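Below: one structure, written as structure tokens.
The values are calculated or read from the model by the stated rules, or taken from the named source; none is laboratory data. Quantities reported herein were computed from a predicted structural model and do not represent experimental measurements. Virtual Cβ from ideal backbone geometry, glycine too; neighbours counted across all protein chains shown.
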Amino acid sequence: MALNHKRKSKKKAIIFSISGAVIVVLALIVFLGSNKEPIIPVQTEPVKRRTITQLVTATGKIQPEVQVKISPEVSGEIVALPVKEGQKVRKGDLLLRIKPDSYIAQRNQSSAGLLRAKADLSKNELEFRRFENLYQKGLVSESEFDGARAAYEISKAVYAQAKASLDQTEENLRKTTILSPMDGTVSQLNSELGERVLGTNQFQGTDVMTIADLSRMEGRVDVSETDVILVSVGDTARVDVDAFPDRKVKAVVYEIASTAKTQGLGTQEEVTNFEIRMRILDKDIKLRPGMSMTGDIATETKENVLAVPIQSVTIRTPKEEISEEGSGDEDGAVAVSNNRPRRRRDKPKEIVFLVEGGIAKAAPVKRGISDDSYVEITEGLEEGNEVVSGSYKAINRELEDEARVRVEEPKKQDRSKDSKST
């Protein structure tokens, strides 16, 4: 019995020893595994030569290049309005007529005044000529002669005033009939037959209608002050009109504003923009004033340049370095403030991550122009370098110099995008 008991005790001791060893080994594995550097999954793309077109994108409205707002110069009731909105008109066509009765009365009154002034002028002229003849013969005094001459001069002034008054009333009567100043379309009609309108002679006149040449349309966009310096007259553009989602419309920049438009002046929301006008070149599309649009203006194109995906370029701020020596002045002397170490902060740098043998290496770069997908690299890379192109989280947060990575296959959409660019 004692022998069996000893054998069982020994067997238990062996089992406990083996179990303890297994636990220790597992603990070591877990400990070592927890300290193992993580492997970051990434996608890569080789550096290639591409053609890059830099774009300035802005939103705005479609408007006619030429449009005229029709406002009467005289006030009154509209008694004729033979046009409708959307109707085409020719230069000289009747647009509207204002009730002329009061202006006819004024014209008649001025005409009568002119006749009276003309009669007085004739009478006083004859009187002046008679007194002039008598004065030369010494038959009338100088004062009598001067009186006749003064009456004649006054009559001439009254006649001139009466004639000017008649001309003005005739002009006002003429202005009661408004004709189209151009060929075009009634793009907007704001008044109705029988409505009273104000003239522009003394007031801010009523905008009765707008005549526009819809055969010559343009896109008007506001561009920020930082982007406007990139745009030049003659730059080509592609216009997306919201009403025609499946159509890209060709355009060309023909006018850039010299003066800025500022909104929210003096506030934190202050915005400074410049208006750019783009002539629409496609004539087979029926655009209407006020349609919303987005213009992509091609400001510069470079061919055969080294390029990487635009998301590959990121910014890293170097870690602060602590200097115990302080900072030197212009003479090379060292200045230490309160014996405290000085922190040197370098400026953030633009970098890409290269992949070599499963290791990511940060490479400082200098960039040039860019389009929607790729950015030109002017310094720091060579053709064929493998750069990290994804994921966004890896590039902008996780990756550091010398980090271990695992290259994954790019997504299908990435491969299709790459196949389209050459």
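List of remarks:
- Yes/no for Asn338 being at pLDDT 90 or above, polar (S, T, N, Q) and either surrounded by fewer than 10 Cβ atoms within 10 Å (Cβ to Cβ) or in contact with a Phe, Trp or Tyr (Cβ under 7 Å, 6 or more places away or on another chain) (or both): no
- Considering only residues in region 164-213 that are among the hydrophobic types (A, V, I, L, M, F, W, C) and assigned to a loop (DSSP other than H, G, I, E, B), the one that is surrounded by the most Cβ atoms within 10 Å (Cβ to Cβ) turns out to be Val208.
- Which listed residue, of Met209, Met278, is touching an Asp or Glu at 6+ places or on another chain (Cβ under 7 Å), of a type in the set (A, V, I, L, M) and touching a residue at least 12 places away in the same chain (Cβ under 8 Å): Met278
- Residue among Val231, Val249, Val239, Val305 that is of a type in the set (Val, Ile, Thr), surrounded by 16 or more Cβ atoms within 10 Å (Cβ to Cβ) and assigned to a loop (DSSP other than H, G, I, E, B): Val231
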